[in-house]
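Working notes, structure below.
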Amino acid sequence: MLRISDHITIEDWELTEQFIRASGPGGQNVNKVSSAVELRFEAARSPNLTDPVKKRLKKIAGRRWTTEGAIVLQVSDERSQARNREIARDRLADMIRKALIKPKRRIPTRPTLGSKNRRIKAKKERAEVKSLRGRIGPDD
């Protein structure tokens with residue numbers, strides 16, 4: 001069981017772990033031991049997450065979200081299988097915690113009169129600079 005918050009826990013049946021061989025450090029051991037972990041969480045079918053949370057989670061997960069609605073995390077940071085397992089579970093929990101936070105609605109504001117005047121003034125100054133770059137002709 002993975003505890004996300006006081007109200008939300010992810011049950012073990014929702015998580016699938018598969019251990020695979022990792023590339024990277026490990027010496028001769030790297031070809032013998034499956035220390036990397038592939039954690040799969042069936043997010044779309046999870047009864048513990050609400051629909052808005054699932055939508056935000058899909059956006060946060062990005063490419064790790066599969067077409068079936070699962071999140072797949074691969075971790076091979078450490079040599080230890082147990083440590084990689086912990087890291088994968090922590091990353092999943094962090095993603096879900098981020099998805100729980102409802103984003104603030106943006107209230108559109110109008111530009112102030114001062115900011116409009118500053119913008120017009122800057123445009124006029126820039127136009128003046130550009131007009132001075134022209135060729136000086138015989139009639140000038």
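We did not get these values from a lab; they are worked out from the coordinates using the rules stated. In this text, all values refer to a predicted model and were calculated from it rather than measured experimentally. Reconstructed Cβ throughout: ideal geometry from the backbone, glycine too, with neighbour counts over all protein chains shown.
Values as computed for the structure displayed
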| item | result |
| --- | --- |
| Quarter of the Cα convex hull surface for the stretch 2-100, i.e. its orientation-mean projected area (nm²) | 6.4 |
| Farthest toward positive dipole pole in the chain [+1 Lys/Arg, -1 Asp/Glu at C-beta], among Ser34, Thr16, Thr109 | Thr109 |
| Rg/Rh ratio calculated on Cα atoms of the stretch 100-140 (Kirkwood radius) | 1.45 |
| Distance in nm between pseudo-label sites at Gln74 and Lys121 (7 Å out along the Cβ direction from Cα) | 5.7 |
| Per residue Cα convex hull volume in Å³ - calculated over the stretch 64-140 | 287 |
| Pairwise label distance in nanometres, Ser34 with Arg97, each label 7 Å out on the Cα-Cβ vector | 3.0 |
| Angle in degrees between helix 51-61 and the longest Cα principal axis of the chain, rounded to the nearest 10 | 80 |
| Separation in nanometres of the label points that stand 7 Å from Cα toward Cβ, at Arg83 and Arg21 | 2.2 |
| Estimated vicinal HN-Hα couplings, Hz - the stretch 66-76 in sequence order (Karplus 6.51, -1.76, 1.60; Gly, Pro = x) | 8, 5, 7, x, 10, 9, 10, 10, 10, 10, 9 |
| Using θ = phi - 60° and Karplus 6.51 cos²θ - 1.76 cosθ + 1.60, couplings along the stretch 77-88 (whole Hz; Gly, Pro as x) | 6, 10, 7, 7, 5, 5, 5, 4, 5, 4, 4, 4 |
| Percentage of interatomic Cα-Cα distances in the stretch 36-93 larger than 18 Å | 34 |
| For Trp13, Trp65, order by how many other beta-carbon atoms lie within 10 Å, fewest first | Trp13, Trp65 |
| Lysine pairs with alpha-carbon atoms under 24 Å apart, the stretch 2-100, spacing 8 or more or separate chains | 4 |
